[in-house]
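See below for the structure under consideration.
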Amino acid sequence: MREKRKIKNVARKVNCERHIPKPACLSNLFGQAARVLKSATYRQRLAYAAAAGVLLTLAFPRFNLSAFAWVVPGLWLLTSAGVSPREAFKIGYAGGLAHYLSSLHWLLHLPFPQTAWLGWLALSGYCALYPATWIWLCWKLAPTSRVTFDAKIPAAHYPCLDSLFAAGWCQRQLWLLLCAAAWAALELTRGQFLTGFPWNFLGVSHHQILPLVQIASVTGVLGLSFLLVWFSVGLLCAVTSIIRRPTERWAWLGETFCPITALMLVVGWGFLEVSRKESDVRYLRVALVQPSIPQKIKFNPEENAKAFQRVLNLSEVALATKPDLLIWPEAVAPGFLRYDEKLLATVTNLARTNNVWILLGADDAERRKDDSQEANYFNSAFLVSPEGKLAGKYDKRHLVIFGEYVPLAKWLPFLKWLTPIGEGFTPGTVPARFNLLHGAHRTRLTTLICFEDLLPHLARESAANADILVNLTNDGWFGESAQQWQHAANAAFRAVETGRPLVRCTNNGLTCWVDTRGRFHETHFGDSPDIYGAGFKTVLIPIGSPIETFYQRYGDWFGWSCAAVTLLAWLLAERSKKGWASAAGRP
């Protein structure tokens, strides 16, 4: 009998190894991982969460390993399962801090070392609060069974994976949706709170997967972030289901059925959108100049003048291609365009001689209205007509904190000594409205300067009554880092959300254009793999009837809905748990 049992055990083992993956075999693998995590100390959990944060960084440019975005949110919940709310928050903070320190390392390329280190640490520390809050909030909203409640140590406050399965399937599926809604709500908050820093939302990691990107035309980029988190947390429940019920081959499918179904619908619709072609398209011929001026010479007048001559030389060559519009990047002019007669004459003569429109970035100033001798300074974009006249001006509305303005500088003037910008700039108040007449056509442009193309709500407001979005930026501050690629990936969603092509003209980096489906065009100079060098590109921008996307019409309806649902769910959860606690305290 013993020999027969041994033979059966060996046969089962061979069968398991031969038919991998079987649920029983997978359960052994996942079960071992779960046991390791369950026995892990608090410090080990912090290390695991930090490692997952670094994996999430790999999902974004320049690595573009977007598959990690599907699993990291679930991994963060796994590392924090079964601990107190305070420990869960700290574990989430460790994961978020590791992610942002690694993904924002390009800040260290700034030519001001002390400011760079301070900004890198402060910004990463601030952004890490959001994944920490998400993890804390997810476990607060987790369904728990009253049977497992203990008056001394409330299980409702220390939920784990087992407690999820103590609740029903419907409650678990609701929790998946709440986790995804909480993530979208927190991304919305990060994009608007304290002027907003919407850098590298989770959905941006999939900027190259066009069928998925199309959902942004309805929900904004937050919709794609929602979908990724929904699937990731569902995958966590599916793995847990395999461990708990290894003999039930399809038990895991019930945990991921809803997010997988939604994913298939989104991808199917996205394929239709990507394959759809526009009719009645005309073209605007645009020359883009990328001078690649080193930022170390920015504050040297003599070197700055030489760099501007490089811009003029590149422009002369570019104008030989007979463009309708010549574009220079942000702050390329070495002075105040309206007040420097020599500079103004150079630019207007160039436009008049070549019968071309010119759009360029330059500083501007206006005397304050309080009868003082002081002035307000602006980071501006100017449009010069083929007749050599200033046809329009736009003042940047969203300024970079500590880069273009110092908060509380009026009350704490010593803060100005922490940055190289002195007084800083004054924000503009209205969107750009530029009109170009070329041939028998009129094209309406709107301009976004620097990081303004990161802000969905601002781009949406600017895109109203416009045919093309134009971003003038100077990414040369960050050398040849991942910043240029990340900036472009974030900006691509503005084209999909608004239904307008986006033209990007940078000092160095991705000077290119993005069509309304999120495709990048003309990212390199010919066959050269270098995107950072000096050069020019002449591109044809298709202009059709402006597409009034659902997002362009209704804005961040999805993000605000997620915020409202999350807030309501948290209030109801707090009220319910207080009721359980009072009931448990009765004799």
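Descriptive notes on the structure:
- Selection status of Gly74, closer than 23 Å to His207 by Cα, over 18 Å from the mean Cα position of the chain (by Cα) and either in contact (Cβ under 8 Å) with a residue 24 or more places away in the chain or in a loop (DSSP other than H, G, I, E, B) (or both): yes
- Just one of (1) more than 33 Å from the chain's Cα centre (by Cα); (2) closer than 19 Å to Lys537 by Cβ; (3) crowded, with 21+ Cβ neighbours inside 10 Å fails for Ser315. It is (1).
- Candidates Leu107, Leu55: the one that is over 16 Å from Trp136 (Cβ atoms), at pLDDT 95 or above and either assigned to a helix (DSSP H, G or I) or touching a helix residue (DSSP H, G or I) at 6+ places or on another chain (Cβ under 9 Å) (or both) is Leu55.
- Scanning region 512-534 for residues being under 28 Å from Ser275 (Cβ atoms) and touching a Gly at 6+ places or on another chain (Cβ under 8 Å) gives a total of 1.
- Residue that is touching a His at 6+ places or on another chain (Cβ under 9 Å), over 22 Å from Ala262 (Cα atoms) and either among the aromatic types (Phe, Trp, Tyr) or at pLDDT 95 or above (or both), where the choices are Ala116, Ala128, Ala98: Ala128
- Residues satisfying the stated conditions in region 550-587, i.e. in a loop (DSSP other than H, G, I, E, B), modelled with pLDDT of 95 or more and not charged (D, E, K, R): Gly555
- Residues that are assigned to a helix (DSSP H, G or I), more than 16 Å from the chain's Cα centre (by Cα) and of a type in the set (D, E, K, R), drawn from region 448-494: Glu461, Asp475
- So Leu445, is it more than 16 Å from the chain's Cα centre (by Cα), in a strand (DSSP E or B) and surrounded by 19 or more Cβ atoms within 10 Å (Cβ to Cβ): yes
- Candidate set: region 448-494, residues that are over 20 Å from Gln552 (Cβ atoms) and touching an Asp or Glu at 6+ places or on another chain (Cβ under 8 Å); chosen: the one surrounded by the most Cβ atoms within 10 Å (Cβ to Cβ): Leu472
- For region 339-357, the set of residues classified as surrounded by fewer than 18 Cβ atoms within 10 Å (Cβ to Cβ), hydroxyl-bearing (Ser, Thr, Tyr) and in a helix (DSSP H, G or I) consists of Thr346, Thr353, listed by residue number.
- Of the residues examined, Glu316 is not one that is among the charged types (D, E, K, R), at pLDDT below 90 and assigned to a helix (DSSP H, G or I).
- Residue ID - surrounded by the fewest Cβ atoms within 10 Å (Cβ to Cβ), chosen from residues in region 155-208 that are outside any helix (DSSP H, G or I) and on the phi > 0 side of the Ramachandran plot: Gly196
- Flag not set for Ile541, criterion: buried (at least 18 other Cβ atoms within 10 Å of the Cβ) and part of a loop (DSSP other than H, G, I, E, B).
- Any hit, region 68-78, residues being surrounded by fewer than 19 Cβ atoms within 10 Å (Cβ to Cβ) and either among the small types (Gly, Ala, Ser) or touching a strand residue (DSSP E or B) at 6+ places or on another chain (Cβ under 7 Å) (or both): no
- Within region 318-336, considering residues that are of a type in the set (A, V, I, L, M, F, W, C) and under 12 Å from Thr538 (Cα atoms), the one nearest to the chain's Cα centre (by Cα): Ile327
- Near pairs, Cβ below 8 angstrom, 6+ apart or cross-chain, from region 124-153 (surrounded by fewer than 20 Cβ atoms within 10 Å (Cβ to Cβ) and of a type in the set (Asp, Glu)) to any residue that is in a helix (DSSP H, G or I) and at pLDDT below 90: Asp150/Ala584
- If the condition is being small (Gly, Ala, Ser), touching a helix residue (DSSP H, G or I) at 6+ places or on another chain (Cβ under 9 Å) and at negative phi, then region 378-402 contributes only Ser385.
- Just one of the listed residues (Ala318, Ala333, Ala375) is on the phi < 0 side of the Ramachandran plot and either touching a residue at least 40 places away in the same chain (Cβ under 8 Å) or touching a Cys at 6+ places or on another chain (Cβ under 8 Å) (or both), namely Ala318.
- Residues in region 454-471 that are of a type in the set (Gly, Ala, Ser) and touching a strand residue (DSSP E or B) at 6+ places or on another chain (Cβ under 7 Å): Ala459, Ser462, Ala463, Ala466.
- Helices (runs of 4 or more DSSP H) enclosed by region 211-302 - at least 2 residues per element that are surrounded by fewer than 21 Cβ atoms within 10 Å (Cβ to Cβ) and aromatic (Phe, Trp, Tyr): 253-275
The values are calculated or read from the model by the stated rules, or taken from the named source; none is laboratory data. Quick caveat, the model's predicted, so the values are computed rather than measured. No Cβ is skipped: glycine too gets one built from the backbone with ideal geometry, and neighbour counts run over all protein chains shown.
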